[in-house]
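Asker: Have a look at this one.
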4 protein chains.
Amino acid sequence: MTLEVGVLGYRFMGKAHANAMARLPMFFPDAPEIERSVLVGRDEEALADAADRLGFASVSTDWGEVVDDVDVFYNLGPNHVHAEPSIAALEAGTPVFCEKPLAPTLEAADAMAEAARDAGDDVPAGCAFNYRFVPAIRYAKRLLEAGELGEIHHVRGRYLQDWLVDPDAPWSWRNDEELAGSGALGDLGAHTVDLVRFLVGDDDLAGEMERVSGHLQTFVDERPVDGEDETRPVTVDDAYSAQLAFENGAMGTLEASRFATGHKNDHTVEIHGSEGSLRFSLERLNELEVLRADENRGYETILVTDEDDPYVDHWWPPGHVLGWEHTFVHENYEFLSAVERGGEFAPNFEDGLAAQRVLAAIEESDDRGEWVSIS
Amino acid sequence: MTLEVGVLGYRFMGKAHANAMARLPMFFPDAPEIERSVLVGRDEEALADAADRLGFASVSTDWGEVVDDVDVFYNLGPNHVHAEPSIAALEAGTPVFCEKPLAPTLEAADAMAEAARDAGDDVPAGCAFNYRFVPAIRYAKRLLEAGELGEIHHVRGRYLQDWLVDPDAPWSWRNDEELAGSGALGDLGAHTVDLVRFLVGDDDLAGEMERVSGHLQTFVDERPVDGEDETRPVTVDDAYSAQLAFENGAMGTLEASRFATGHKNDHTVEIHGSEGSLRFSLERLNELEVLRADENRGYETILVTDEDDPYVDHWWPPGHVLGWEHTFVHENYEFLSAVERGGEFAPNFEDGLAAQRVLAAIEESDDRGEWVSIS
Amino acid sequence: MTLEVGVLGYRFMGKAHANAMARLPMFFPDAPEIERSVLVGRDEEALADAADRLGFASVSTDWGEVVDDVDVFYNLGPNHVHAEPSIAALEAGTPVFCEKPLAPTLEAADAMAEAARDAGDDVPAGCAFNYRFVPAIRYAKRLLEAGELGEIHHVRGRYLQDWLVDPDAPWSWRNDEELAGSGALGDLGAHTVDLVRFLVGDDDLAGEMERVSGHLQTFVDERPVDGEDETRPVTVDDAYSAQLAFENGAMGTLEASRFATGHKNDHTVEIHGSEGSLRFSLERLNELEVLRADENRGYETILVTDEDDPYVDHWWPPGHVLGWEHTFVHENYEFLSAVERGGEFAPNFEDGLAAQRVLAAIEESDDRGEWVSIS
Amino acid sequence: MTLEVGVLGYRFMGKAHANAMARLPMFFPDAPEIERSVLVGRDEEALADAADRLGFASVSTDWGEVVDDVDVFYNLGPNHVHAEPSIAALEAGTPVFCEKPLAPTLEAADAMAEAARDAGDDVPAGCAFNYRFVPAIRYAKRLLEAGELGEIHHVRGRYLQDWLVDPDAPWSWRNDEELAGSGALGDLGAHTVDLVRFLVGDDDLAGEMERVSGHLQTFVDERPVDGEDETRPVTVDDAYSAQLAFENGAMGTLEASRFATGHKNDHTVEIHGSEGSLRFSLERLNELEVLRADENRGYETILVTDEDDPYVDHWWPPGHVLGWEHTFVHENYEFLSAVERGGEFAPNFEDGLAAQRVLAAIEESDDRGEWVSIS
């Protein structure tokens, strides 16, 4: 059986997922067969171009029709169009894969998670936290699950970019609260919150995040509109930080910025446990720095490209490094496999909602100037 | 004229300062002549041994007599003996150099700063934040003062150690609130707060810290007493984190821990400004990583050992790295020179107090669960 | 017009090139259209499997027929089958792309280069030195060509692997002089020699390599045959080193090993010129370390993923790192474009031959115990 | 008993050793008591100044008198004055500590080693290869001696500086064959050869260096004389490289340069054995990178500042880094202790001679264009 895939969105994420799907047959021969069936968008010309380039059989400007017809629906549009089509698809029994953050508001995220629950376990609803699929992150997860870092005391996550540091960088939907929900917090922080939950969220590790204290800041209040003689207000954060208290006593700090001069896509996570520590940076995504107190005195820089490292046997021999886009191939492989077998996939809409709750609590904490519990 | 120096304390800090004084003549020939005159302590035997080893002419068990007699008084004792002898010395018109944190409580620190103000500008009262005297930090300060990083948006400071991660590590005065005031917060955080103030505290940079949100945690509640069959409670924090809002809009995060497995003395600071970024780690104290947006795309690893780098011309040719202890030589040189000329020295008791205010606000914030203004 | 491509070889390199071809339409829309037409091999079953997986329309066990029929011929077989089919293809006027090293012997390489010359400029004959197509290497090349490093004084290249350090690692064709020509020297050294030639071989930089002194070593003399109760002799080098004298006075050292414990695919190059220095490592292939004496004091770690960096605009936004396999996409793009327009492509068979001359001189130097001129 | 020390030379090395001696009492209380008794030089005024600054009791312009009078003689003059005074001291039964390289020519080094042998085992004759006394190097030595790296296959040493890359950098005695013997080869290469011998020279490791192939190069043939309107010829090498064959089959490469733009004092050594690898750089002298194949997959960055690390218990707590000058303190401690007990010290004149033999063979090899055996 070939899965017919409908995809809403054809820009950055559209390309990343289309590429991932295209690469499955050669590298993951046991992945389900799929057809890039229909690409959904509003601008007919751009859509036709994209469909051609990204290898889609047809196009549609009406997602309402598509979500019924296809076997799988990918929602890769901007945040404010995540909820409605995703819910419609799930109501039609169509598995959904939605980009992160799950929604611009907690309410919308809640509704989406409810729709996913209603659709049932055999209709996977995935949330596209692709960094769970970095081999080095999976390797870290293995270490943590095996208890090699012991009790978790500290977690540190941050995601640094600098594309808004120039005050004349143009306004975009990402600067608008209506369209994006939040700024660095939602766009980057969602990734970090999920990564931290993935790595240490298990009950026998740090557990869930219990309380947060948040701090949001907008450094530049209005920005020029490209090609026009006007400015528009920036109604989202340019950067955020947060402190975390975890269920089992661990402490955490989170941070993201679009003003971190010189950092392009620097997503890092650091963990200290009673038996060891680890560090990861997305800009060196093939590497994991690990310190196991019983064996190491200092961090060991592990190149996670050995044959028995997660996903690596599908690719190249040791030392032949992978890139950012490979995370999408792994993610699509896992999601589409779950669709085929009608089984579970993680991260799912519950994970998306859990991240959203943390983000919402960070915003609320910033508003109220006090710690906020995560319900 | 030879300055007679009296020193209270002969352990770690006693050795560090005695060594620094001993090295001045050969490397800083324009430093004032000094005599290591009298070493002050309680345990007569240990004191005699130490005086011999550290090159002191005499010993005393009564600091009250010493503070009058000497030309300069160094207070290197534990935190809870900082206030009384320092104030007595200042009241006697004797310049004082006191280890950090200035005092275990804000009240004590206040009293000390008042005593310093009363003593007048020609009686220097220094607070021993030695990391201001790392050549790479001075170099960073030069860059910042020259505006090379532009407007400051982000500051990140952390100080990681791991000597308490073992729950069986013995209890010491550093684990006791009465004796130490606080734990990682005071011991390590004081350094970080001062370093951040030193680097970006100027009005035309980030300015002073205005508000903080703090988080303290004690991971192990009681510890065995060395050589005895009992445990004592740990009444201070094992780790802290904080979020900062600066006067001019910059954001900051601070952190310290004695539970950061594998980190021995890892004091780092990172700054992002509109024109550039920098990073420093005490474990690589000869290096500064600098990114100037007009010249660099990535961080440049500068080995701060060139002839025209701060303090370096006193030592060795380029590439011949310095160590941790050299910061004490530079610090003593500056302080003793200030004493000789009856002039100002920074960091002084006002700086010590300013740091203390931040630490106190972090504790209060943690207690109250909300952001606290720094008065 | 669609170019029909025939490919001999379906293992590691077969997969790398098939993947590269498959990715062209989505990322390099101006690349010529191609069909993966016929896959050539000896083992019919394995061949059928591979053709299916790698997306080839048909298979053949007779390269003789194929080289005439197709529009382009890729020779990705082991070294000892490089010469005959490549020459046959060129004699038939079919453009050839041949894996490196060009041939197991200098004689064979010479014959291949002659065939390429006879075929004429409109029949590209490419040699697959894929590391020329790493964006960071192209970026380095731009700097060098612009004279930013000044006069070249030192070049250092090395390629470290460790897959033979275990004396029980099984014998393979790569350990046999008849089949492979040489060991680390040909397999790894060919890459390094070409990379060095590419970067500094221009007349106004270091110029060509003039003289070499070589050193070859075999650490383990015989190895077990997999699944059999016998050993076979290792008749090639496990490691080599060389010293180089360049035309314009620069010095160089080269090295490669299959015994460098812990190094998987560590190909590095370092260059010092009168105005600057640079360093590159394949295991961090998105990064280039650059020191320009007029701007830098230390090396700047450049993440070569900006939009205007070589090839990057075809892929993802800044900071989204590429992997090893992308070098093949770039290489195939350039080669196939050259085929389409009937124009030149570099590195070509002359470059393959030039590298071979250096390798042969290194071997001869090792035999004779003296420096050898490269004719 | 107090050892009276006479020192010839009061510039860079004079200061380094005087400082080392001055620091012994505080940090190495079991070191012999010494008096910095007499400082020897030619320029009376400079000498008097230096004696004052460096803490010497008296001065002399006649080394002939001094070598008899003192208990220990330090020869820290330029290379061409190493032989005569050192031999005279040894003939007088006075222990000698001589800077490296031992002598400008192999003949002179031979004569010095013979004088040391004649003086007998109770008259230590030390050669000042101070890098043997870096804690991280001692730590590496421990690992190697314990067999943790297994059989040695590869050794790589290089020493990079850049102070001559400017063609207008002034002529000095270091550019003159008569006065210095050789250039980068003797000045820097002597250190590297000794470090390699120290680390892997044992019989059960790589053993001695057996054969070398050398390459010397002078990039700038004449240089201006400071303050004068003339140039003088450069008659030594600006850089050298060498290939090594060791007794037990290991291969090595060596390199040094004064033209490595951006490198100030970058002395590195890298070793690959069958069970592990290690790397060291003098510019990060507190760190050792170690890979033990049974425990590590990647290099572990060890901060060699723990209490049980070599020499560290004399200094500061873990993580409080040492500097370049500490190597001199350790070296002086070991040498003066040997003098006191009338026992052996290494590295001695035999080690100095052994290094000299390798350097001479490298020069001879470069002259003859062929490999040269080290007798």
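The values are calculated or read from the model by the stated rules, or taken from the named source; none is laboratory data. Keep in mind that what you see is a predicted model, and the values were worked out from it rather than measured. Heads up, the Cβs are rebuilt from the backbone with ideal geometry, glycines too, and the neighbour counts pull from every protein chain shown. The protein model used for the area step is the full one, side chains on, heavy atoms only, and it has no ligands, DNA or RNA in it. Shrake-Rupley method; radii C 1.70, N 1.55, O 1.52, S 1.80 Å.
Asker: What FRET efficiency would be calculated for the residue pair B:Glu247, C:Asp118, taking the C-beta separation as r and a Förster radius of 56 Å, to the nearest 0.05?
Answerer: Details: r = 77 Å, r/R0 = 1.37.
Between B:Glu247 and C:Asp118 the formula returns 0.15.
Asker: Which of the three applies to segment B:216-375, rounded, prolate or oblate, going by the alpha-carbon gyration tensor with a ≥ b ≥ c and a/c under 1.5 meaning rounded? Before the final figure, lay out each step's value.
Answerer: On the way: a/c = 1.60, a/b = 1.40, b/c = 1.14.
Prolate shape, in that a/c is at least 1.5 and a/b is the bigger ratio.
Asker: For the pair D:Glu145 and A:Glu344, how long in nm is the line joining their label points, each one 7 Å along Cα→Cβ?
Answerer: 5.6
Asker: With a 1.4 Å probe and all protein chains kept in place, how much accessible area does C:Glu222 have, in Å² rounded to the nearest 10?
Answerer: Counting only protein heavy atoms, C:Glu222 exposes about 110 Å² to solvent.
Asker: Here's a follow-up. Each label point is 7 Å from the Cα along the Cα-to-Cβ direction; what then is the distance between the points at D:Asp313 and C:Ser172, in nm?
Answerer: 4.9
Asker: A further question on this structure: How well do other chains shield peptide B:247-259, expressed as the mean number of their Cβ atoms within 10 Å of each residue Cβ?
Answerer: On the way: counts 0, 0, 3, 4, 11, 3, 9, 1, 6, 0, 4, 1, 8.
Other-chain Cβ atoms within 10 Å of each residue's Cβ, averaged: 4.
Asker: Pick out the long, greasy-scoring helices in chain D: whole DSSP H runs spanning 18 Å or more along their own axis by Cα, mean Kyte-Doolittle at least -1.0.
Answerer: On the way: long enough: D:12-27 (23 Å, 0.32); D:106-119 (20 Å, -0.01); D:326-341 (23 Å, -0.51); D:349-368 (28 Å, -0.42).
Those that pass (Cα extent of 18 Å or more, hydropathy at least -1.0) are D:12-27, D:106-119, D:326-341, D:349-368.
Asker: Might you report the magnitude of the Cβ-based charge dipole of the protein assembly as shown about its Cα centre, with Lys and Arg at +1 and Asp and Glu at -1, to the nearest 20 debye? List each step's numbers first, then the result.
Answerer: Working: 112 positive and 300 negative charges, 1 e Å.
Using only the charged Cβ atoms, the result is roughly 0 debye.
Asker: If I take R0 = 25 Å and measure r between the Cβ atoms of C:Asp306 and C:Asp204 in this structure, what FRET efficiency does the formula 1/(1 + (r/R0)^6) give, to the nearest 0.05? Can you show the working numbers first?
Answerer: Working: r = 27 Å, r/R0 = 1.08.
For R0 = 25 Å, the calculated efficiency reads 0.40.
Asker: List the distances, in nm to one decimal, from the label point of D:Glu247 to the label points of the same position in every other copy, shortest first, placing each label point 7 Å from Cα along the Cα-to-Cβ direction.
Answerer: When each copy's label point is compared with this one, the spacings are 4.5, 6.3, 6.9 nm.
Asker: Here's another thing I want to ask about it. I want the antiparallel fraction of DSSP beta bridges within chain A, as a percent rounded to 5. Before the final figure, lay out each step's value.
Answerer: Values: 42 of 69 bridges.
Taking every DSSP beta bridge with both residues in chain A, the antiparallel ones total about 60 percent.
Asker: Other chains near C:144-151: what is the mean number of their Cβ atoms within 10 Å of each residue's Cβ? Before the final figure, lay out each step's value.
Answerer: Details: counts 0, 0, 0, 0, 0, 1, 2, 4.
For peptide C:144-151, the averaged partner shielding equals 1.
Asker: Along Cα-to-Cβ, 7 Å out, sits the label point; list in nm, shortest first, how far the one on D:Lys141 is from those in the other copies.
Answerer: Inter-copy label distances (nm, one decimal, shortest first): 3.9, 4.8, 4.8.
Asker: Let me ask something else. What whole-number value in cubic angstrom gives the convex hull volume per residue for the C-alpha atoms of segment C:2-130? Spell out each step's value before the answer.
Answerer: Numbers: hull volume 12.7 nm³, N = 129.
Expressed per residue, the convex hull around the Cα atoms of segment C:2-130 is 98 Å³.
Asker: Counting only heavy atoms of the protein chains, get the accessible area per residue of chain B (1.4 Å probe) and round it to a whole Å² value.
Answerer: Heavy-atom accessible area per residue stands at 34 Å².
Asker: Not counting ligands, DNA or RNA, and with a 1.4 Å probe, what is D:Asp226's accessible surface area in Å² rounded to the nearest 10?
Answerer: The accessible area of D:Asp226 comes to roughly 120 Å².
Asker: May I pose another question? Starting from the 7 Å offset along Cα-to-Cβ, what nm value, one decimal, do you get for the label separation of B:Arg11 and A:Glu228?
Answerer: 6.7
Asker: With the Cα gyration tensor of the protein assembly as shown in hand, convert its eigenvalues to equivalent ellipsoid semi-axes via √(5λ) and list them largest first in whole Å.
Answerer: Result for the protein assembly as shown: semi-axes of 55, 47, 26 Å.
Asker: Treating only the Cβ of Lys, Arg, Asp and Glu as charged (+1, +1, -1, -1), what charge dipole size does chain C show about its Cα centre? Round to the nearest 20 debye.
Answerer: Values: 28 positive and 75 negative charges, 182 e Å.
So the magnitude is around 880 debye.
Asker: If you take each beta carbon of peptide C:49-58 and count the beta carbons of other chains within 10 angstrom, what is the mean? Working shown, then result.
Answerer: On the way: counts 1, 0, 0, 2, 4, 2, 2, 0, 0, 0.
That works out to 1 on average.
Asker: Also: For segment B:343-374, state which residues have at least 20 Å² less accessible area in the presence of all protein chains than in their chain by itself, taking the probe as 1.4 Å and leaving out ligands, DNA and RNA.
Answerer: Buried by 20 Å² or more upon assembly, which counts only protein chains, are B:Gly369, B:Glu370, B:Trp371.
Asker: If you don't mind, another one. Provide the buried accessible surface between chains D and A in square angstrom, both chains summed, 1.4 Å probe, rounded to the nearest 100. Show your work: numbers first, answer last.
Answerer: Working: alone 16380 and 16400 Å², together 31810 Å².
The summed interface area works out to 1000 Å².
Asker: Cα to Cα, under 29 Å, and not fewer than 8 places away if on the same chain: which lysines meet these conditions relative to A:Lys264?
Answerer: Output for A:Lys264: A:Lys15, A:Lys100, A:Lys141, B:Lys141, C:Lys141, C:Lys264.
Asker: Go through segment A:278-375 and name the GluC sites (Glu not before Pro) that are in a DSSP coil and have 13 or fewer other Cβ atoms within 10 Å of their Cβ.
Answerer: Numbers: sites: A:Glu283, A:Glu287, A:Glu289, A:Glu295, A:Glu300, A:Glu307, A:Glu325, A:Glu331, A:Glu334, A:Glu340, A:Glu344, A:Glu350, A:Glu363, A:Glu364, A:Glu370; in loops: A:Glu295, A:Glu307, A:Glu325, A:Glu344.
Those satisfying the criteria are A:Glu307, A:Glu344.
Asker: In percent, what relative contact order does chain C have, based on Cα pairs under 8 Å that are 6 or more apart in sequence?
Answerer: On the way: 859 pairs, mean separation 76.9, N = 375.
The value is 21 percent.
Asker: If you don't mind, there's one more thing I want to ask. Which value, in debye to the nearest 20, describes the size of the charge dipole of segment A:2-130 about its Cα centre when Lys and Arg Cβ atoms bear +1, Asp and Glu Cβ atoms bear -1, and nothing else is charged?
Answerer: Working: 8 positive and 23 negative charges, 137 e Å.
Result for segment A:2-130 is approximately 660 debye, rounded to the nearest 20.
Asker: Write down the Kirkwood hydrodynamic radius of chain A, to one decimal in angstroms, obtained as one divided by the mean of 1/r over all alpha carbon pairs.
Answerer: Working: mean 1/r = 0.0470 Å⁻¹.
It works out to 21.3 Å.
Asker: Right, something else. Put a point 7 Å out from Cα along the line to Cβ at D:Glu91; what are the distances to that point in the other copies, in nm, shortest first?
Answerer: In nanometres, ordered from closest: 7.2, 8.1, 10.8.
Asker: What is the residue of chain A with the smallest Cβ distance to the axis taking A onto C, and what is that distance in whole Å?
Answerer: Nearest Cβ to that rotation axis, in whole Å: A:Gly323, 2.
Asker: Calculate, for D:Ala48 and B:Ala92, the FRET efficiency according to 1/(1 + (r/R0)^6) with r their C-beta to C-beta distance and R0 45 Å; round to the nearest 0.05. Spell out each step's value before the answer.
Answerer: Details: r = 41 Å, r/R0 = 0.90.
Once the sixth-power term is evaluated, E becomes 0.65.
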